[in-house]
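Report on the structure given below.
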Amino acid sequence: DYENGIEFLDRVYEGVEAGVPPALEGDVVVVGGGNVAMDCCRAAARIANGKVHLIYRRTEADAPADHEEIEEARREGVEFHFLCGQDALITENGKITGLRVVDMERTEPDASGRRGVRPIEGSARVLPCSHVIAAIGQVVDWGTLDVGALETTKKGTAVADSLTYQTAQPDIFVGGDCYT
């Protein structure tokens with residue numbers, strides 16, 4: 001199965017609330033390096049009967065997830081593959097049997113000082129799995145909230161006071177991923 005990280009977490013939550021947590025047969029690969037990816041890894045580690053792998057195309061130091069989340073996932077048995085990117089799903093008879101991954105290398109810093117990554121030619125290999133969870137590219141969904149006057153960062157998170165989490169609009173406070 002291939003699913004979005006948020007949808008996977010919703011499915012796990014709903015199953016737990018109903019008293020019937022879902023089970024995952026086989027190995028699981030989570031793609032991403034943020035807190036949603038760590039949540040997916042940790043949830044998968046609790047319900048899968050195989051290994052749980054996380055692949056992230058940058059280094060561990062570059063991962064946006066809280067360091068504590070990475071350490072907790074590691075304690076729960078998640079295998080980390082940093083500087084590793086997804087390339088293609090491998091399927092047989094309509095079922096996922098693996099994810100082709102490729103090793104990445106860091107590039108020289110750009111004008112802003114940020115280092116990019118690029119695939120290493122000839123490094124592709126298949127990571128066997130039955131499930132792939134994509135926990136990449138999440139953005140804040142402000143829903144019906146009128147955020148016209150709300151100042152946001154270029155990543156779409158709210159600008160707020162670091163102590164009170166109050167935005168420039170005095171009646172709007174933010175937290176969690178809406179802030180970080």
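Bridgeable lysines around Lys95 (alpha carbons under 30 Å apart, same-chain partners fewer than 8 residues away excluded): Lys51.
Heavy-atom accessible area, probed at 1.4 angstrom with all protein chains present, ranks Tyr13, Tyr165 as Tyr13, Tyr165, highest first. Once backbone amide H atoms are built at 1.01 Å from N, Gly116 has Thr107, Asp110 as its partners under 5 Å, excluding neighbours fewer than 5 places away on the same chain. Amide H contacts for Cys84 (H built 1.01 Å from N in the peptide plane; partners 5 or more residues away or on another chain; cut-off under 5 Å): Tyr56, Arg57, Arg58, Met104. For segment 80-87, the Karplus equation 6.51 cos²θ - 1.76 cosθ + 1.60, evaluated at θ = phi - 60°, returns couplings of 9, 10, 7, 6, 9, x, 7, 10 Hz by residue, with Gly and Pro reported as x. Of all DSSP bridge pairs formed entirely within the chain, close to 55 percent run antiparallel.
Residue-wise HN-Hα couplings along segment 165-180, as the Karplus relation 6.51 cos²θ - 1.76 cosθ + 1.60 with θ = phi - 60° gives them from phi, are 6, 7, 7, 5, 8, x, 9, 10, 10, 10, x, x, 5, 5, 9, 8 Hz; Gly and Pro carry x. Packing here is the average count of other Cβ atoms within 10 Å per residue, and on that basis the peptides 14-20, 31-37, 113-119, highest first, run 31-37, 113-119, 14-20. Between Leu150 and Glu105, the contour length at 0.36 nm per residue exceeds the alpha carbon distance by 12.4 nm.
For mean projected area of the Cα convex hull in nm², several values are listed as (1) 16.9; (2) 13.3; (3) 9.7; flag the one computed from this structure. Structure-derived value, by its label: (2). Between Thr152 and Val159, the built amide H atoms are under 5 Å apart, and every one of these is 5 or more places off in sequence or on another chain. Relative contact order, whole percent, for the chain stands at 21, derived from Cα pairs under 8 Å and 6 or more residues apart.
The values are calculated or read from the model by the stated rules, or taken from the named source; none is laboratory data. Keep in mind that this is a model prediction, so the values were computed, not measured. Here Cβ is always computed from backbone atoms with ideal geometry, including for glycine, and neighbour counts include all displayed protein chains. Please note that ligands, DNA and RNA were not included when accessible areas were found on the heavy atoms of the full protein model with its side chains. Shrake-Rupley method; radii C 1.70, N 1.55, O 1.52, S 1.80 Å.
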